[in-house]
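For reference, the structure is listed below as structure tokens.
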């Protein structure tokens, strides 16, 4: 029986090869992670998680957990900041970063927005230039939290609070008894408004106010056999968009709302009115001080063959 004369390799060689391959993979991965990791780690020497957890939290946010080109470094947003990273003598103040996002170190909103718009461009941000927020010198970080994994403006529960911190008039309207937020639909500001701008005067998400409303209230769109002209013209002729003291968020109660267009004296007579009887007053007594919608229930339009008066 022949035996092999080859000397078997020691197991230690296989262990060395495995360790070398593993190290090679790790080093290659770090190199592919781009200089962003090295840049951020340099900043973390001072801004560490123990001393400044709010700043170090960036590494766990959407900006810090990406790979390759998706990973943002500190200098991508704050600039090279060479003067800031230069050693200073004890007791001397360190120079600020090239771009600062704190109110303690003010910078122009355009300079603060530039790093953001360098990555976040197109789509919903294509109308930012010239938008209402842009004209008001609103910076991205005025609404967005940069160093956190949970940006409150991207959360439906926190978004409205962020918007109403500036829009005081709308805050007052939302405090009225009948409003969109208490309607059980969990409506938020961005359901109707494009925060980064749009082609409409009120930065609406749709082309018109009616189209914006019909996104949720599709049953009011029609077409109907018998239409109510104001529905086609403008929802806000009758409804307040943010809140009202009247049910259904009406601009005022019926019949006064209806009588802005429909004069009471032209209401058809009824058996209860006494019109035509000796000594009777003109007009319909069933109309005065009553709610038109007690009878005209289909005020947005009707498809009933006998619904010309929108009573069914």
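Throughout, read-outs are computed from the coordinates displayed, never taken from laboratory work. Just so it is clear, the model here is predicted, and its values are computed rather than measured. Using ideal geometry, Cβ is built from the backbone for each residue, glycine included, and neighbour counts are taken over all protein chains shown.
Would you order 88, 153 from fewest to most other beta-carbon atoms within 10 Å of each residue's own beta-carbon? Please list the in-between numbers first.
Values: 88 11, 153 17.
By the 10 Å Cβ count, ascending: 88, 153.
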Sequence gap at least 6, Cα distance under 8 Å: using those rules, report the relative contact order of region 148-192 to the nearest whole percent. 29 percent
Order by neighbour count: 224, 135, fewest other Cβ atoms within 10 Å first, most last. 135, 224
Going by how many other beta carbons lie within 10 Å of each one, how would you line up 199, 293, fewest first? 199, 293
Of the peptides 165-171, 138-144, 127-133, how do they stack up when ordered by the mean number of other Cβ atoms within 10 Å, highest first? 138-144, 127-133, 165-171
Over all alpha-carbon pairs of region 119-172, lay out the pair-distance distribution in 5 Å bins, whole %, shortest bin first. 4, 16, 21, 28, 22, 8, 1, 0
